[in-house]
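Below you'll find the structure, written out as structure tokens, and then a few comments.
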Amino acid sequence: MAEFGITERVLAEAPVAKPPPSFTKTNGAHGAPKARRPMPQLPSLPPSAGGGPIFRNANGDTWDGLGDMPEWLKRAVHAGQDIEFYRV
């Protein structure tokens, strides 16, 4: 410290910078919590009558409505696409 001419008194009198505000806790300066976008509601799916696919995308990926929804259809629905768009 002596090399740079800094004393304990100078350090004690130095202003302390505030940390930046957290961008995940508030929305703007007024402190309101961020609004959460509602998740789209998925329709109840009928069981597959003929065992064939119920949903198909442009790449030819299919889903028969049984088991977990495949990732390609989850991504499309969460992006705002209507699930009925993919119904065969």
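For the pair residue 37 and residue 71, what calculated FRET efficiency results from E = 1/(1 + (r/R0)^6), where r is the Cβ-Cβ distance and R0 = 35 Å, to the nearest 0.05? The formula returns an efficiency of 0.95 here. Computed 3J(HN,Hα) for segment 63-69, one whole-Hz value per residue from the Karplus formula 6.51 cos²θ - 1.76 cosθ + 1.60 where θ = phi - 60°, is 8, 8, x, 9, x, 5, 5, glycine and proline marked x.
None of the figures in this text is laboratory data; all of them are computed from the coordinates on show. What you see is a predicted model, and the numbers here were worked out from it, not measured in a lab. Don't worry about glycine lacking a Cβ; one is built from the backbone with ideal geometry, like all the others, and counts go over all protein chains shown.
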